[in-house]
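K.L.:
Take this structure first; my questions come after.
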Ligand code: ARG
Ligand code: ZN
Ligand code: CA
């Protein structure tokens, strides 16, 4: 029987002014986010414990911390704490034109060795539980991004053919799901589209599971790349 591991979480709140609509989210929303992650990862062997909340006034980071830009590297270099087992989450606004519409993004476990300071999850502040992002304000953006952080891919990766997400019990899916299209079937291979899976693109309220195959993959990924033995 696999054991449990508690991941320490550093929650880095980046804001443009001390107003909630400029990213100054209250501690209560941060704790609610940790609670959602603990519910959604129940049964995976992982739990999450808030170790520290940092708060940083930086409008450049708040607006522009899109993937693969120097701004996000600068932000992480300044704020990241802890070791390979520590989860750093950054909340930002994604208001610049290049970042607009993003809910979040993450690094993968195998990336850590080559670029440790870049490790972590960046999410839209208003996606926290009770936030203002309609249909995406139950905290499942963090659940999804942490899924990447522990080594999971999207079930629609590669479409209907090939190895897909390297997980056998997530049926192949041609394209991401939007909304909650339960019963959708976009590939001729067996199984309906896994639209309620945390790693699809459905609305937060639609999502409710990781599969046993995903749990096995995430456990092996974090053992290999983060030294976490369950
Ligand atoms: N599109 C983002 C990604 O690929 C996040 C999707 C989050 N979905 C949600 N229902 N909160 O990482
Ligand atoms: Zn994703
Ligand atoms: Ca699959």
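Please treat every number below as a calculation from the coordinates, not as lab data. All figures in this text were calculated on a predicted structure; none of them were measured in a lab. Quick reminder, even Gly has a Cβ in these numbers, built from the backbone with ideal geometry, and neighbours come from all protein chains shown.
K.L.:
Roughly what angle does helix 140-149 make with the longest principal axis of the chain, taking Cα atoms, 0 to 90 degrees, to the nearest 10?
P.N.:
It is inclined by approximately 80 degrees.
K.L.:
Compute and list, largest first, the equivalent-ellipsoid semi-axes of region 137-230 from the alpha carbon gyration tensor, each √(5λ) rounded to a whole angstrom. Display every interim value, and only then the final one.
P.N.:
Numbers: eigenvalues 96, 55, 18 Å².
Semi-axes (√(5λ), whole Å): 22, 17, 10.
K.L.:
Across 10 Å bins from 0, what is the distribution of all Cα-Cα pair distances for region 71-137, in whole percents?
P.N.:
20, 48, 28, 4
K.L.:
Moving on. I'm a student and want to see the number: the projected area of the Cα convex hull of the chain, averaged over all directions, in nm². If you can, show how the numbers build up before the last one.
P.N.:
Details: hull surface 47.6 nm².
Mean projected area of the Cα convex hull: 11.9 nm².
K.L.:
Can you compute the modelled spin-label distance between residue 57 and residue 20, with each label point 7 Å from Cα toward Cβ, in nm?
P.N.:
Between residue 57 and residue 20, the simple spin-label model gives 2.1 nm.
K.L.:
Just to be sure I understand the model, the point goes 7 Å from the Cα along the line to the Cβ. What's the resulting residue 38 to residue 4 distance in nm?
P.N.:
My value for the distance between the label points is 0.9 nm.
K.L.:
So for region 1-104, Kirkwood radius off the Cα pairs, Stokes-Einstein at 20 °C and 1.002 mPa s: how many µm² s⁻¹?
P.N.:
My calculation gives 147 µm²/s for D.
K.L.:
Oh, and also: Using a basic spin-label model with each label point 7 Å from the Cα along Cα→Cβ, how many nm lie between residue 84 and residue 118?
P.N.:
About 1.7 nm separates the two model spin labels.
K.L.:
Right, next: For region 128-196 and region 204-224, what is the centre-to-centre distance using only Cα atoms, to the nearest Å?
P.N.:
Cα centroid to Cα centroid, the span is 11 Å.
K.L.:
Length gain on complete extension for the stretch residue 223 to residue 135, per 0.36 nm per residue less the alpha carbon to alpha carbon distance? Working shown, then result.
P.N.:
Working: separation 88, 0.36 × 88 = 31.68 nm, distance 3.37 nm.
Full extension from residue 223 to residue 135 adds 28.3 nm.
K.L.:
By per-residue mean of other Cβ atoms within 10 Å, what is the highest-first order of 60-69, 107-116, 14-23, 142-151? Don't jump to the answer; show the numbers that get you there.
P.N.:
Details: 60-69: 18.7, 107-116: 14.6, 14-23: 17.1, 142-151: 23.8.
So the peptides 60-69, 107-116, 14-23, 142-151, ranked by packing, come out 142-151, 60-69, 14-23, 107-116.
K.L.:
Here's a follow-up. Based solely on its DSSP helices, what 222 nm [θ] is calculated for the chain when runs of n ≥ 4 H residues each add -39,500 (n - 2.57) and the sum is averaged over all residues, nearest 500 deg cm²/dmol?
P.N.:
Working: 5 runs with 55 residues, N = 230.
Per the formula, -7000 deg cm²/dmol.
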